[in-house]
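The values are calculated or read from the model by the stated rules, or taken from the named source; none is laboratory data. Keep in mind the model is a prediction, meaning the values are calculated, not measured. FYI the Cβ positions are ideal-geometry reconstructions off the backbone, even for glycines, and counts take in every protein chain you see. Each accessible area value is taken on the protein alone, full model and side chains, heavy atoms only, with ligands, DNA and RNA left out. Shrake-Rupley method; radii C 1.70, N 1.55, O 1.52, S 1.80 Å.
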Amino acid sequence: MQQIMKYLKLPIFISMVITSLLISTPSNSSENTYRFGVFPYFSPVRMDEIYSPISLELSKNLGNTVKFRTSSDLARFRERMKSEYYDFAIIQPFLYPFAVDQVGYIPLLRLEEPISSLIMVPEDSPIQSIRDLKGKIIATPPVFGPIVSLAKNALVEQGIKPELDVSFVTNKSIGACYQKILVGRADACVAPNFAVNAFEESMGVKFRAIMRSETVPNQSVVVHPRVSEQERNRLRETLLSWRYSETGRKLLDLMNTKGFVEFKDSEYDTVRSFVREMNK
């Protein structure tokens, strides 16, 4: 009888093993999923509002699932780039030398408009010029370390000594930076030019730029070498085509850009020089 029960239990045991293997083994569909990274420049909620629709459209065009992924801060995003976590990503310009020269990502496209650092004040602020910033507090977002550096360099050129003539207070995000001046806890805010319109629209407020720094090439799209050349070309063609369709233009509007363009690697040499100076 015990022998019979043993054989009766055997199919159940085999079934459990098979079920366990099915659960623990990655599905084949995971091989057709791309991790799409974007450096964090807004809150996670706002980032998702912008890039989830973009991921869905990319999924349709590439024929593979594209999952949008960002990070809680720039340091964590950089670590994920270092570990080659993302299949392709949109990165801020000062990550370009790290991602391309050190990690080995392949540059694909960049946003058309050059990027600059702005010092913004509320529309009704009594501050009218750079000189009026003396003795004031300037809020900065930490994820834009290079953007802050560009702003400080521009202040020096205008005769304002950072940390002596003005004070800086660091915030967790560009949104928090703007909030500081709205509630009167800072007099001005450092921001990248591409983030201003989006924040004004989301908050229903207006700001004025009292200073604009020198420009550098904008955000770029980089792709991991594990993505085939055929798929890289398809991604390139898809992004370049968006400016020519209504759907595409809506997605570009979310990113506050006219579109993606081809570029030469040498365009980022100025960024490389700037990063070297920062690291001295």
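Take the residues in the range 219-254 that are open to solvent by 30 Å² or more (accessible area, probe 1.4 Å) and polar (S, T, N, Q); name whichever of them is nearest to Ser116 (Cα to Cα).
This residue is Ser241.
Can you name every residue in the range 267-280 that is within 19 Å of Phe39 (Cβ to Cβ) and in a loop (DSSP other than H, G, I, E, B)?
Correct list: Asn279 only.
Tell me yes or no: at least one residue of the range 107-118 is of a type in the set (Val, Ile, Thr) and either modelled with pLDDT of 90 or more or part of a helix (DSSP H, G or I) (or both). Show your work before the answer.
So in the range 107-118, the residues of a type in the set (Val, Ile, Thr) come out as 115.
Now restrict to residues that are either modelled with pLDDT of 90 or more or part of a helix (DSSP H, G or I) (or both): none.
Within the range 107-118, none of the residues are of a type in the set (Val, Ile, Thr) and either modelled with pLDDT of 90 or more or part of a helix (DSSP H, G or I) (or both).
Out of the range 251-266, which residues are in contact (Cβ under 8 Å) with a residue 60 or more places away in the chain, of a type outside the set (A, V, I, L, M) and in a helix (DSSP H, G or I)? If you could, list the steps in order and put the result at the bottom.
Narrowing the range 251-266 to residues in contact (Cβ under 8 Å) with a residue 60 or more places away in the chain: 251, 254-263, 265.
Add one more test, that the residue is of a type outside the set (A, V, I, L, M), and what stays is 256-260, 262-263, 265.
Asp265 - this is the single residue of the range 251-266 that is in contact (Cβ under 8 Å) with a residue 60 or more places away in the chain, of a type outside the set (A, V, I, L, M) and in a helix (DSSP H, G or I).
How many residues, within the range 32-47, are modelled with pLDDT of 90 or more and part of a loop (DSSP other than H, G, I, E, B)?
The qualifying residues number 1.
Could you check the range 42-69 and list, in sequence order, the residues that are over 20 Å from Leu240 (Cα atoms) and open to solvent by less than 30 Å² (accessible area, probe 1.4 Å)?
Across the range 42-69, the qualifying residues are Phe42, Met47.
Could you list, in sequence order, the residues of the range 76-93 that are touching a residue at least 60 places away in the same chain (Cβ under 8 Å) and either open to solvent by 20 Å² or more (accessible area, probe 1.4 Å) or closer than 11 Å to Val223 by Cα (or both)? Even if it seems obvious, please write down each step before you answer.
Taking the range 76-93 and keeping what is touching a residue at least 60 places away in the same chain (Cβ under 8 Å), we get 84, 86-93.
Those that are touching a residue at least 60 places away in the same chain (Cβ under 8 Å) and either open to solvent by 20 Å² or more (accessible area, probe 1.4 Å) or closer than 11 Å to Val223 by Cα (or both): Glu84, Tyr86, Asp87, Phe88, Ala89, Ile90, Ile91.
So, in the range 48-90, how many residues would count as being among the aliphatic types (A, V, I, L, M) and at pLDDT 95 or above?
Here is the first cut: in the range 48-90, the residues among the aliphatic types (A, V, I, L, M) are 50, 54, 56, 58, 62, 66, 74-75, 81, 89-90.
The next check asks that each one be at pLDDT 95 or above; those that pass are 54, 56, 58, 66, 81, 89-90.
Summing the residues that are among the aliphatic types (A, V, I, L, M) and at pLDDT 95 or above in the range 48-90 gives 7.
So in the range 119-152, with the set limited to residues that are in a helix (DSSP H, G or I) and not aliphatic (A, V, I, L, M), which one is surrounded by the most Cβ atoms within 10 Å (Cβ to Cβ)? If you could, list the steps in order and put the result at the bottom.
Here is the first cut: in the range 119-152, the residues in a helix (DSSP H, G or I) are 130-133, 142-152.
Applying the additional criterion that residues be not aliphatic (A, V, I, L, M) yields 131-132, 142, 144-146, 149, 152.
On the way: Arg131: 12, Asp132: 15, Pro142: 16, Phe144: 24, Gly145: 16, Pro146: 21, Ser149: 19, Lys152: 21.
Among those that are in a helix (DSSP H, G or I) and not aliphatic (A, V, I, L, M), it is Phe144.
The rows are residues; the columns are (1) under 20 Å from Pro44 (Cβ atoms); (2) not polar (S, T, N, Q).
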{"position": "Arg131", "(1), (2)": "no, yes"}
{"position": "Lys136", "(1), (2)": "no, yes"}
{"position": "Leu150", "(1), (2)": "no, yes"}
{"position": "Val166", "(1), (2)": "no, yes"}
{"position": "Cys189", "(1), (2)": "no, yes"}
{"position": "Ala195", "(1), (2)": "yes, yes"}
{"position": "Ser220", "(1), (2)": "no, no"}
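Based on what the data block shows, is Gly184 without any contact (Cβ under 8 Å) to a residue 40 or more places away in the chain and either of a type in the set (Phe, Trp, Tyr) or in contact with a helix residue (DSSP H, G or I) (Cβ under 9 Å, 6 or more places away or on another chain) (or both)?
Values: without any contact (Cβ under 8 Å) to a residue 40 or more places away in the chain: yes; either of a type in the set (Phe, Trp, Tyr) or in contact with a helix residue (DSSP H, G or I) (Cβ under 9 Å, 6 or more places away or on another chain) (or both): no.
Considered against the rule, which asks whether it is without any contact (Cβ under 8 Å) to a residue 40 or more places away in the chain and either of a type in the set (Phe, Trp, Tyr) or in contact with a helix residue (DSSP H, G or I) (Cβ under 9 Å, 6 or more places away or on another chain) (or both), Gly184 comes out as no.
Condition (residue is within 30 Å of Leu239 (Cβ to Cβ), of a type in the set (Ser, Thr, Tyr), touching a residue at least 60 places away in the same chain (Cβ under 8 Å) and part of a strand (DSSP E or B)) applied to the range 208-222: is it met by at least one residue?
Looking through the range 208-222, at least one residue is within 30 Å of Leu239 (Cβ to Cβ), of a type in the set (Ser, Thr, Tyr), touching a residue at least 60 places away in the same chain (Cβ under 8 Å) and part of a strand (DSSP E or B).
Based on this model, can you work out whether Asp187 counts as open to solvent by less than 60 Å² (accessible area, probe 1.4 Å), over 18 Å from the mean Cα position of the chain (by Cα) and among the acidic types (Asp, Glu)?
On the way: open to solvent by less than 60 Å² (accessible area, probe 1.4 Å): yes; over 18 Å from the mean Cα position of the chain (by Cα): yes; among the acidic types (Asp, Glu): yes.
Yes, satisfied.
For the range 161-171, indicate whether the set of residues that are open to solvent by less than 30 Å² (accessible area, probe 1.4 Å), closer than 26 Å to Arg78 by Cα, outside any loop (DSSP other than H, G, I, E, B) and out of contact with any Gly (no Cβ under 8 Å at 6 or more places or on another chain) is non-empty.
no
Considering only residues that are in a helix (DSSP H, G or I) and under 17 Å from Asp101 (Cβ atoms), which ones fall in the range 80-90? Break it down into steps so the answer makes sense when it comes.
Quick first cut of the range 80-90, residues in a helix (DSSP H, G or I) only: 80-82.
Matches in the range 80-90: Met81, Lys82.
Of the conditions (1) open to solvent by less than 10 Å² (accessible area, probe 1.4 Å); (2) touching a residue at least 60 places away in the same chain (Cβ under 8 Å); (3) part of a helix (DSSP H, G or I), Cys177 clears all except one; give me its number.
(2)
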